[in-house]
Amino acid sequence: MQERNGTKKIRRVPGRAAGTLFPAALALLLVPATVFAHQETGSITGIVSGLKHPVSGMDHILAMISVGLWGAQLGPPAVWVLPVAFPMVMAFGGMLGLMGISLPGIEIGIAVSAIVLGAMIVTESRPPLWIAATLVGFFAIFHGHAHGTELPAGSSGLLYSIGFVASTGTLHGVGIALGLVHAFRGGRLAVRAAGAVVSAAGVFFLARIFV
Amino acid sequence: MRTIDHRPLALAGGSFLAALCLAPEEAHAHLVQTGFGTFYDGVVHLFITPPDLLVAIGLGLLAGLCGAAASRGVAFALPAAWLAGELAGSIFPASFTLPWLTTVSFGAVGVLVAVNANLPRPLLVVLACGAGLFHGFVNGSTMVAAGTDRLGMIGASVSVFLVITLSSALVVSLRAHWAQIAVRVAGSWIAAIGLLMLGWLVRGQG
C-alpha cells in the first residue's frame, strides 16, 4: 500500500470481495423466514392501477395537461386555484359515480372538455377567476365520474384512489411546467399551438362518439 | 350564577355513539410482522395504514400552515392523544374498524389544508387530540387482535411524532409562495382521496 500526497492507494486483492460475500450469503441461509403468500392482497394492484389509469387514456391526459397549461397562461392566482380545485371536484364526480348516481353524456362532456379547454388556450382567454374555476370544475365532474370508478377486481379502493389522484395531479404539474415557456415569445406561440392540438383531439373524440 | 347548558354536548355525544352503532365492520388484524419485534411492528404500522398516515401528514401540513407555535403544540398533542387512544382501544377493544369515520377525519383535514384554514392554536390542538384519540383507539383495538403489545403502541406513537414533526417543520420552513401553494395542493389531494374513498365505502369496496 503506497501513500502519495496524503491519500492512500488501495490495492484490490482478487477474491477478497468474494471472501466477504460468501459468509454473508451463508448468513442469509441461517436466517429463518416464513413465506407469506399474499396476506394483504390488492394493495399493489390498487395503487399501480390508480397511477396507470389517468395516463392510459389520451382524453384524460390532454384535458389534465390543458388545465395546467391554461393555469400557466392565466398566471397567479389561477395557476394554483385550478390545480387545487380540480382534484376535489373530480373526486366529487367520482364519488357520484361510485354511489350509482348517473350523469348524462359523460363521454360527450369529456370530449367537449378538451375542445373548450384547448380553445381557451388558443385564444388566450382571460375570464374572471370564478368563471375559469367553475368551467374547469364542471368538466372535472365528468372526468371523475368516468375514470374514478374503474377499479380492477380485488384491488384496494383507497390505494387506487391515492394512485389516481396523485397521477392526475402530476399531469397538472406537467401542464404547468410546459406552460412556463409562455414567458418567452416563441413559447407563447408554442402554448397556443398546443391548445389547438388539444381542441382538434377533442373534435376527434367527439366524432368517434357519434360516428 | 352562570349555568352551563350540557344539552349540545349530550346531543353530540349521542350522535357520535349512534354513528358508532351504524358503522360496524369486522376488525382486520395485520398478519405480517416486521420480524424485528413489537416496537418496530408498531413503528411500521402507521406506514401500512393509509388513513392513519394521511391524517398524520395532513395535520402536519395544517399545523405548519398555522405557524411554528401551533406546530409545537400539535407535535406533542397528536402522539400523546394517539397513545392514549391506543391504550383505551387495547383495554376496551372494539370489534369494528370504523372506516367511515377514519375517512371523514383525513378528508376533513385535507379540506382544511386546501383552503388554508388559519385555525387558532387551541382549536388546532383540540382537533389533533380528537383525531389522535380516535385513530389511536382503532389502532389499539386492531393491534391487540394482532398480538401487538404496549411496546408496539409506543412504536406507533413514535412514528406519529416523527411524521407530524417532520411534515410541520418542513411547511414552517417554507418561504417561497409557490411552495406554500404546493402544500395546499397536497391538501386538496388528501381531500380528493377522502371523497373517492367515501364513494368506495358506499359501494362496499373500501
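The values are calculated or read from the model by the stated rules, or taken from the named source; none is laboratory data. The structure presented is a predicted model; accordingly, all values stated were derived computationally and were not measured. We place every Cβ from the backbone using ideal geometry, glycine too, and count neighbours over all the protein chains shown.
Numerical summary
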{"quantity": "Qualifying residue in segment B:34-47 (condition: in a helix (DSSP H, G or I), at pLDDT 85 or above, under 18 Å from the mean Cα position of the chain (by Cα) and among the small types (G, A, S))", "calculated": "no"}
{"quantity": "Near pairs, Cβ below 9 angstrom, 6+ apart or cross-chain, from segment A:161-175 (over 14 Å from A:V84 (Cβ atoms) and more than 9 Å from chain B (Cβ to nearest Cβ)) to any residue that is surrounded by fewer than 24 Cβ atoms within 10 Å (Cβ to Cβ) and among the polar types (S, T, N, Q)", "calculated": "A:G163/A:S49"}
{"quantity": "Segment B:91-123, subset crowded, with 22+ Cβ neighbours inside 10 Å and in contact with a Lys or Arg (Cβ under 9 Å, 6 or more places away or on another chain), residue nearest to A:V84 (Cα to Cα)", "calculated": "B:A114"}
{"quantity": "Selection from segment B:60-69 of residues that are out of contact with any Ser or Thr (no Cβ under 8 Å at 6 or more places or on another chain) and surrounded by 22 or more Cβ atoms within 10 Å (Cβ to Cβ)", "calculated": "B:L62, B:L65, B:C66"}
{"quantity": "Verdict on A:V191 being touching a His at 6+ places or on another chain (Cβ under 6 Å), more than 14 Å from chain B (Cβ to nearest Cβ) and either in a helix (DSSP H, G or I) or over 30 Å from B:P50 (Cβ atoms) (or both)", "calculated": "yes"}
{"quantity": "Segment B:134-172: number of residues that are surrounded by fewer than 20 Cβ atoms within 10 Å (Cβ to Cβ) and modelled with pLDDT of 90 or more", "calculated": "9"}
{"quantity": "Failed condition for A:P128, given (1) surrounded by fewer than 23 Cβ atoms within 10 Å (Cβ to Cβ); (2) touching a residue at least 40 places away in the same chain (Cβ under 8 Å); (3) under 28 Å from A:A190 (Cα atoms); (4) more than 11 Å from chain B (Cβ to nearest Cβ)", "calculated": "(2)"}
